[in-house]
Amino acid sequence: MSTPIKATLRQQTPNNMKVEIALAYLGIEYEVEAIEGKEPETIAKLVAESGQPLTPYLRLGETIVYDSSAILRYLDANFPGPRLFSADRDEIKLIEGWELYTKNEPMPAMGPAFSVYFGKKEGEEAALGIAKANRALSEVTEQVERRLASQAELGSDWLVGNAMTAADIFVASYLSFGAFPGGFADRHPLWKWFDGKVTLGKGRELTRAHVARVLSYLPAPVAL
């Protein structure tokens with residue numbers, strides 16, 4: 001496609017990270033419109049352009065695509081490069097299984113920590129929220145660690161097949177908030193706040209290495 005892609009993003013959040021990782025992995029050139037804040041004028045702009053108040057969304061000429069999962073499917077269907085999903089029925093079921101896992105396990109597990117940050121909680125309330133997130137993350141990531149160990153026995157570093165897919169992007173974008181690679185969190189204040197406070201717990205070495213592999217595709221946030 002010759003039409004330039006414009007990606008409207010809140011770059012520091014998991015769903016927005018998914019899209020930039022996918023674009024970089026596929027080697028697709030794009031322009032970033034980075035936004036912050038939830039002021040009425042910001043929300044009004046998002047609604048005027050995409051019909052809904054959330055990021056990320058892509059604009060290709062007159063075409064708008066929103067929702068991070070829908071965007072990954074759109075890119076996979078319309079651009080050349082490595083597959084994010086799969087032409088194999090069994091593999092696509094596995095990939096979509098990890099998509100559901102992300103929504104049902106890491107997302108809720110991270111909720112108490114995000115509530116502390118965005119709710120500006122302090123003291124004992126903050127400590128309890130972070131502790132709850134850490135306990136939950138330790139529990140839900142056992143499944144990822146087991147899967148990566150099983151894949152390693154087959155010679156693969158990835159959750160499905162022998163190359164990175166949407167499964168890896170879905171999972172790592174959320175788990176990264178408990179496993180930022182060294183120095184990575186310095187790129188953004190939100191990441192810096194999470195770094196060291198929220199962790200995956202002990203015995204998650206394969207998961208941490210997996211997160212680092214996926215995040216290696218993520219560009220540095222655009223300065224606002």
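Just a few scattered comments:
- Total residues in the stretch 192-214 satisfying the condition of being under 17 Å from R10 (Cα atoms) and surrounded by 18 or more Cβ atoms within 10 Å (Cβ to Cβ): the figure is 1.
- Residues (in contact with a helix residue (DSSP H, G or I) (Cβ under 8 Å, 6 or more places away or on another chain) and free of Cβ contacts under 8 Å to residues at least 60 places away in the same chain) located in the stretch 21-34: L23, L26, I28, Y30
- For A167, the conditions (1) hydrophobic (A, V, I, L, M, F, W, C); (2) surrounded by 12 or more Cβ atoms within 10 Å (Cβ to Cβ); (3) more than 21 Å from the chain's Cα centre (by Cα) are fulfilled apart from (3).
- Options E145, E96: the member that is within 22 Å of L26 (Cβ to Cβ) and either modelled with pLDDT under 95 or surrounded by 14 or more Cβ atoms within 10 Å (Cβ to Cβ) (or both): E96
- Every residue from the stretch 35-59 that is out of contact with any helix residue (DSSP H, G or I) (no Cβ under 9 Å at 6 or more places or on another chain), in contact (Cβ under 8 Å) with a residue 24 or more places away in the chain and either farther than 24 Å from A220 by Cα or assigned to a strand (DSSP E or B) (or both): E49, S50
- Only listed residue being modelled with pLDDT under 95, on the phi < 0 side of the Ramachandran plot and touching an Asp or Glu at 6+ places or on another chain (Cβ under 7 Å), chosen from A87, A185: A185
- Selection within the stretch 7-28 - at pLDDT below 95 and among the charged types (D, E, K, R): R10
- Yes/no for S86 being under 15 Å from I169 (Cβ atoms), surrounded by 15 or more Cβ atoms within 10 Å (Cβ to Cβ) and in contact with a Pro (Cβ under 8 Å, 6 or more places away or on another chain): no
- Residue within the stretch 162-176 that is of a type in the set (S, T, N, Q) and in contact with a Pro (Cβ under 7 Å, 6 or more places away or on another chain) present: yes
- Index of the failed condition, V140 passing every other in (1) under 18 Å from the mean Cα position of the chain (by Cα); (2) over 19 Å from K197 (Cα atoms): (2)
- Yes/no for S115 being touching a Lys or Arg at 6+ places or on another chain (Cβ under 9 Å), part of a helix (DSSP H, G or I) and surrounded by fewer than 19 Cβ atoms within 10 Å (Cβ to Cβ): yes
- Scanning the stretch 63-73 for residues that are more than 18 Å from L100 (Cα to Cα) and either surrounded by fewer than 18 Cβ atoms within 10 Å (Cβ to Cβ) or not β-branched (V, I, T) (or both) returns T63, I64, Y66.
- Test: S2 is of a type in the set (G, A, S) and at pLDDT below 95: yes
- Matching entry among G61, G97 (being farther than 15 Å from T8 by Cα and either outside the structural domain of S176 (by TED's automatic domain parsing) or out of contact with any Gly (no Cβ under 9 Å at 6 or more places or on another chain) (or both)): G97
- Number of residues in the stretch 68-112 that are among the aromatic types (F, W, Y) and not in a loop (DSSP other than H, G, I, E, B) equals 3.
The values are calculated or read from the model by the stated rules, or taken from the named source; none is laboratory data. Keep in mind that this is a model prediction, so the values were computed, not measured. Heads up, the Cβs are rebuilt from the backbone with ideal geometry, glycines too, and the neighbour counts pull from every protein chain shown.
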